[in-house]
Amino acid sequence: MMDKFVIKKNVTKSKRILVDESAGCSDSGSHIEDLTGKKRRVVKAETLQEHTYTWKRIRAENLSCDYTSLFSKVEANDLFQQLEKDIVYFTGDLSKVQVYGKWHNVPRKQVTFGDEGLTYTFSGITLSPKPWIPLLIHIKERVQLATGHSFNFVLINRYKDGNDHIGNHRDDEKELVPQSPIASVSFGACRDFIFRHRDSQSKNSVRNIEPVKLELEHGSLLMMNFPTNVYWYHSLPVRRKVLAPRVNLTFRKMKPQNQRSLDMQ
């Protein structure tokens, strides 16, 4: 019921045009505010290329996300095939995480790319990015063109089928630039993506805040804006009926090493 929470906006004349329209695999979100979809038309002056994006704004208490179809089906198919061919994922210790003091194999494949000198630490491991490759630069530039935000790092997760998954977590690591958004681009199988508020995580929680469920389609972009990752956990749960693979790229803005050193002083 993604349309439960959607609010219309008038069209304004600018390089980015906002109107109300929905996007996504299907409107099955269980707690998504009926907020404004927005159509954003972006003109890239250097090439005079023009792209139009139809956005859906997803809102709940302290949750702020924007969702759109970033690539056409043809583009998404081509990019997915290239990702399957070109991306080599981490193995060995870099394919494990620490949970409650014990090491476990990651129930998916993962790898990072980004600017030189950056690192990303979570679940007991520190990942250093591989250098950018043309394929990822192309996807990153499209994300930046559509959103107006810049990114210097990407975490790529590959889910071979519906058995691969990721549990509840928040992307709130100290290496991230404060209040910066995270851009999540999906290719391949459509999968459920579920938000749960931090105050309503267990059966004994004092508050009863419904989860927010989205379906992330092939070629889509989900922007998770501040303060979403302060208050909401998110997960990609097991879906055994899903037989096809999915590749997800989460673009982030990380602090350079010199800025991290200043923060520690």
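The values are calculated or read from the model by the stated rules, or taken from the named source; none is laboratory data. Just so it is clear, the structure is predicted and the values come from calculations on it, not from any experiment. Glycine gets a Cβ as well: all are built from the backbone with ideal geometry, and neighbour counts include every protein chain shown. Side chains are part of the model used for accessible areas, which takes the heavy atoms of the whole protein and leaves out ligands, DNA and RNA. Shrake-Rupley method; radii C 1.70, N 1.55, O 1.52, S 1.80 Å.
Quick check, is Thr91 of a type in the set (Val, Ile, Thr) and more than 27 Å from Lys255 (Cβ to Cβ)? Step through it out loud before you land on a result.
On the way: of a type in the set (Val, Ile, Thr): yes; more than 27 Å from Lys255 (Cβ to Cβ): yes.
So Thr91 fits the description; yes.
Counting only residues that are crowded, with 17+ Cβ neighbours inside 10 Å, under 30 Å from Arg196 (Cα atoms) and not β-branched (Val, Ile, Thr), how many does region 50-82 have?
Of the residues in that region, 16 qualify.
Which residues, taken from region 166-189, are open to solvent by 60 Å² or more (accessible area, probe 1.4 Å) and either assigned to a strand (DSSP E or B) or under 19 Å from Phe90 (Cβ atoms) (or both)? Show your work before the answer.
Here is the first cut: in region 166-189, the ones open to solvent by 60 Å² or more (accessible area, probe 1.4 Å) are 168, 172, 174, 178-179.
Passing the criteria: only Asn168.
So, in region 190-205, how many residues would count as being within 14 Å of the chain's Cα centre (by Cα) and open to solvent by 50 Å² or more (accessible area, probe 1.4 Å)? Steps first, answer last, please.
Pass one, region 190-205, residues within 14 Å of the chain's Cα centre (by Cα): 190-195.
Narrowing further to those that are open to solvent by 50 Å² or more (accessible area, probe 1.4 Å): 190.
Qualifying residue count, region 190-205: 1.
Residue check, Arg158 against (1) closer than 11 Å to Val247 by Cβ; (2) open to solvent by less than 20 Å² (accessible area, probe 1.4 Å), all met but one. Which one?
Arg158 satisfies every listed condition except (2).
Of the residues Arg170, Arg207, Arg196, which is over 28 Å from Arg142 (Cα atoms), touching a residue at least 12 places away in the same chain (Cβ under 8 Å) and touching a strand residue (DSSP E or B) at 6+ places or on another chain (Cβ under 8 Å)? First the steps, then the outcome.
Details: Arg170 fails: over 28 Å from Arg142 (Cα atoms); Arg207 fails: touching a residue at least 12 places away in the same chain (Cβ under 8 Å).
When all the criteria are applied, what remains is Arg196.
Against the condition under 27 Å from Val88 (Cα atoms) and over 15 Å from the mean Cα position of the chain (by Cα), how does Ile156 come out, does it pass?
Values: under 27 Å from Val88 (Cα atoms): yes; over 15 Å from the mean Cα position of the chain (by Cα): no.
So Ile156 does not fit the description; no.
With Ser123, Ser95, Ser128, Ser150 as the choices, which residue is in contact with a Ser or Thr (Cβ under 6 Å, 6 or more places away or on another chain) and not β-branched (Val, Ile, Thr)? Quick ask: steps written out before the conclusion?
Details: Ser123 fails: in contact with a Ser or Thr (Cβ under 6 Å, 6 or more places away or on another chain); Ser95 fails: in contact with a Ser or Thr (Cβ under 6 Å, 6 or more places away or on another chain); Ser150 fails: in contact with a Ser or Thr (Cβ under 6 Å, 6 or more places away or on another chain).
Result: Ser128 is the single residue among Ser123, Ser95, Ser128, Ser150 that is in contact with a Ser or Thr (Cβ under 6 Å, 6 or more places away or on another chain) and not β-branched (Val, Ile, Thr).
On the basis of being at pLDDT below 95 and either of a type in the set (D, E, K, R) or within 21 Å of Val154 (Cα to Cα) (or both), does Lys44 make the cut?
Values: at pLDDT below 95: yes; either of a type in the set (D, E, K, R) or within 21 Å of Val154 (Cα to Cα) (or both): yes.
The answer is yes for Lys44.
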